[in-house]
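**Q** Provided herewith is a single structure, encoded as structure tokens, for subsequent inquiry.
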Amino acid sequence: MDASTPTLASWEERAARLQIRNQALIDGRLVPAASGKSFDDISPRDGRVLTRVASCDAEDVDRAVAAARRSFESGVWREQHPRARKAVLLTLARLIEENAEELALLETLDMGKPIRDSLNIDVPLSARCVQYYAEAIDKLYDQVGPSGPGSMSLILREPLGVIGVVVPWNFPLMMAVWKVAPALAVGNSLVLKPAEQSPLTAIRLGELALEAGLPPGVLNVVPGFGETAGQAIGRHMDVDMLTFTGSTEVGKYFMRYSGESNLKRVSLECGGKTPHIVMPDAADLDRAAQEAAGGIFFNQGEVCNAGSRLLVHESIKDEFLAKVIAYGRSWVPGDPLDPATRMGALVDSRQHERVLGYIAKGQQEGAELKCGGAAARTDSGGYYIQPTVFDGVSPGMTIAQEEIFGPVLSTLTFRSTEEAFRIANDTIYGLAAAIWTKDISVAMKAAKTIKAGSVWINCFDAGDITTPFGGFKQSGFGRDKSLHALEKYTDLKSVWIEL
Ligand code: NAP
Ligand code: MG
């Protein structure tokens, strides 16, 4: 490390100087909640209160939706020339890059992920996502139908109007941007609700968008609780579409809210229980083991597509699991602000207890605890858990079925490819899957047989902004990333012309 590399001490110093925005952003202005209420935003790093954040409820959501509706109907954004909208979003991407250290610091303090990840992954990928959709704006064409000589048919894509965006706390900025960028790119106006645990980067994103030249009212941010602000967006009669990332349980609420209100379109990115399959012929078992450890311990295991079920062929299980545990030793829970830390704190005390509860349940149901299994850094005041590996897990156990959303790996074995695929599909989820093998036909069979939105072959969690991401089954529907994401933020209009 040279003298310019930020150290733990320099991050702490920056943290002490941070000007945290803690209000709602409605119609271009930072405002308190109409009720005057606010809530504690706690840092899981040490359990201390970072700030108090405006606690928005139905009244604030009404104002935000009204501002979004006004901006949409006025055409102030959607009717700008594509080149002009592109310029605004390119500026936003640049501002995210220019403010990378501040955004990374806010993210890490707010939800506990290591600063090296927020700085090297979350923030740059968020900037790249905005840039990608900005670049797409002036390259999208509508269609002319094959209508025959006496007529002409136009198939046009139109923005939907007001979009509600509700996101979780595990990648707060990135999950917001995966939705905000494509929805803005095609001309919609938005109301964004970040998770109560991690509202800070969303508010800052809204501010940077204004600075980039996005007209006031086009992107509104309403921090608050799910049952109040989230539900108010879901049930609002003037929200045209709801795009959500979060748990399957809450995804189902949004379907209900839609059915009981205005039948707003709903797109859901929900939970997962990704099978990570290792065949005995894998070319590089060391690399596979390294990815298996990273696939569950990265981001404290708080990843929708975390490789939480390790499926290993019986003949290599002991050897392979020993390697995974050895690689797992480099994932030591540490201070998220220390640039050397690879695993930070779980998001809050509730999640901490939940994950410890699953670990206890695994032991009660007879799985064999191979390493970890306990809280860590308990004197910090924060919410840390040791990287944990279970062996001897059977498909029916709770830790093989439910999404733990923490650094807990469940190892299962299989004897045949068919059995591996059967176990892989034995879940309500279908977000992602991975397989390591040299056999192309086994790899392709896995890709065809496993019901999942993404299948990784000889890699894990690979892909970039050009690849669609989303789930099958109860992992939801609709896709983020790639040009396909634009489909859900637009609707088709057919125009038939008699010549
Ligand atoms: P969550 O509890 O479902 O919350 C997600 C969002 O919904 C939050 O903003 C939350 O607000 C809000 N919400 C909660 N209850 C609500 C209600 N009754 N009505 C309306 N809104 C409500 O999920 P989480 O715990 O934040 O995040 C973890 C989950 O997200 C995991 O299941 C994970 O797999 C999933 N996830 C999926 C993807 C994907 O792309 N498929 C990506 C990342 C995460 P509050 O903060 O107030 O609860
Ligand atoms: Mg927080």
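The values are calculated or read from the model by the stated rules, or taken from the named source; none is laboratory data. Just so it is clear, the structure is predicted and the values come from calculations on it, not from any experiment. For neighbour counting, all protein chains shown are included, and Cβ atoms are generated from backbone atoms with ideal geometry for every residue, glycine included. For accessibility, only protein heavy atoms count, side chains too; no ligands or nucleic acids. Shrake-Rupley method; radii C 1.70, N 1.55, O 1.52, S 1.80 Å.
**Q** Just from its helices, what would the mean residue ellipticity at 222 nm be for the chain, if runs of 4 or more DSSP H residues each count -39500 (n - 2.57) and the sum is divided by every residue, rounded to the nearest 500 deg cm²/dmol?
**A** Values: 15 runs with 179 residues, N = 499.
Computed ellipticity for the chain at 222 nm equals -11000 deg cm²/dmol.
**Q** Rounded, prolate or oblate: which fits the chain, taking a ≥ b ≥ c as square roots of the Cα gyration tensor eigenvalues, rounded meaning a/c under 1.5, else prolate when a/b beats b/c?
**A** Values: a/c = 1.85, a/b = 1.29, b/c = 1.44.
Because a/c hits 1.5 or more and a/b fails to exceed b/c, the chain counts as oblate.
**Q** Let me ask something else about it. Would you mind checking the tilt of helix 317-328 against the longest principal axis of the Cα atoms of the chain, expressed as 0 to 90 degrees and rounded to 10?
**A** 60 degrees
**Q** Keeping every protein chain present and rolling a 1.4 Å probe, give me the accessible area per residue for segment 162-205 in Å².
**A** Working: 370 Å² over 44 residues.
Value returned for segment 162-205: 8 Å² of accessible area per residue.
**Q** A further question on this structure: How big is D, in µm² s⁻¹, for segment 275-464 by Stokes-Einstein at 20 °C and 1.002 mPa s if Rh is the Kirkwood radius over C-alpha pairs?
**A** Details: Rh = 16.5 Å.
The estimated diffusion coefficient comes to 130 µm²/s.
**Q** Between beta-carbons, use under 10 Å as the cut-off and find the net charge around residue 475, counting Lys and Arg +1, Asp and Glu -1. Don't skip to the answer; put the middle values down first.
**A** Values: positive: 273, 451, 473; negative: 269, 403.
For residues surrounding residue 475, the net value is +1.
**Q** Shifting gears a bit: ³J(HN,Hα) across segment 384-396 via Karplus (A = 6.51, B = -1.76, C = 1.60, θ = phi - 60°), whole Hz, x for Gly/Pro?
**A** 10, 9, 5, x, 10, 10, 10, 10, x, 8, 9, x, x
**Q** Compute the longest continuous run of the chain that contains no exposed chymotrypsin sites (Phe, Trp or Tyr not before Pro); treat a site as exposed when its DSSP state is not H, G, I, E or B and it has at most 15 other Cβ atoms within 10 Å.
**A** Details: sites that count: 141, 225.
That gives 226-499 as the longest site-free run.
**Q** Shifting gears a bit: Among the trypsin sites (Lys or Arg not before Pro) in segment 1-69, which ones are in a DSSP loop with at most 13 other Cβ atoms within 10 Å of the Cβ? Mind listing them? Please report the intermediate quantities before stating the final value.
**A** Numbers: sites: 14, 17, 21, 29, 37, 45, 48, 52, 63, 69; in loops: 21, 37, 45, 48.
Passing both the DSSP loop test and the Cβ count: 48.
**Q** Quick one: how many Å² of residue 270 are accessible to a 1.4 Å probe, rounded to 10?
**A** 10 Å²
**Q** Principal axes first, then extents: for the Cα atoms of segment 249-313, list largest minus smallest coordinate on each axis, whole Å, largest first.
**A** Result, largest extent first: 53, 23, 15 Å.
**Q** Putting +1 on Lys and Arg Cβ atoms and -1 on Asp and Glu Cβ atoms, find which of 452, 486, 466 reaches farthest to the positive end of the dipole of segment 449-499.
**A** Farthest towards the positive end: 452.
**Q** Moving on to the next point. Once ligands and nucleic acids are excluded and a 1.4 Å probe is used, how much of residue 121 is accessible, expressed in Å² to the nearest 10?
**A** Only protein atoms counted, so the area is about 50 Å².
**Q** Going 7 Å from the Cα of residue 497 along its beta-carbon direction, which residues of segment 125-148 have the amide nitrogen within less than 16 Å of the resulting point?
**A** Answer for this model: 142-148.
**Q** How long are the semi-axes of the equivalent ellipsoid of segment 169-325, taking √(5λ) for every eigenvalue λ of the Cα gyration tensor, in whole Å from largest down?
**A** Working: eigenvalues 301, 67, 33 Å².
Whole-Å semi-axes of the equivalent ellipsoid: 39, 18, 13.
**Q** Would you please give the residues with an amide H less than 5 Å from that of residue 376, counting only those at least 5 places away or on a separate chain, with H modeled from the backbone geometry?
**A** Amide H neighbours of residue 376, under 5 Å, 5+ apart: 384, 385, 386.
**Q** Rounded to the nearest whole Å², what accessible area per residue is found for segment 346-499 with the 1.4 Å probe? Kindly include the intermediate steps, with their values, before the conclusion.
**A** Working: 6970 Å² over 154 residues.
It amounts to 45 Å² per residue over segment 346-499.
**Q** By the gyration tensor of its Cα atoms, with a ≥ b ≥ c the square roots of the eigenvalues, what is the shape of segment 436-499: rounded for a/c under 1.5, prolate for a/b over b/c, or oblate? Provide the component values of the computation, followed by the final result.
**A** Working: a/c = 2.74, a/b = 2.38, b/c = 1.15.
Prolate.
**Q** Enter the angle in degrees (range 0 to 90, nearest 10) between the Cα long axis of helix 172-185 and the first principal axis of the Cα atoms of the chain, meaning the one along which they spread out most.
**A** 30 degrees
**Q** Continuing with the same structure: Cut-off under 22 Å on the C-alpha distance; same-chain residues fewer than 8 positions from residue 370 excluded. Which lysines are left, in chain and number order?
**A** Cα-Cα hits under 22 Å: 273, 317, 323, 361.
**Q** Scan around residue 50 for amide H atoms under 5 Å from its own, H built in the peptide plane at 1.01 Å from N, and keep only partners 5 or more places away or cross-chain.
**A** Correct list: 41, 42, 43.
**Q** For segment 376-449 and segment 77-154, compute the distance between their C-alpha centroids and round to whole Å.
**A** Using only Cα atoms to place each centre, the spacing works out to 33 Å.
**Q** Angle, helix 349-364 long axis vs. longest principal axis of the chain, Cα atoms, 0 to 90°, nearest 10?
**A** Tilt of helix 349-364: around 40 degrees.
**Q** What does the C-alpha gyration tensor say about the overall shape of segment 155-245? Classify as rounded when a/c is under 1.5, otherwise prolate if a/b is larger than b/c, or oblate.
**A** oblate
**Q** Within the accessible area of the chain, what % is carbon and sulfur when the probe is 1.4 Å and the other protein chains stay in place?
**A** Working: 10230 of 19760 Å².
The nonpolar share, carbon plus sulfur, comes to 52 percent.
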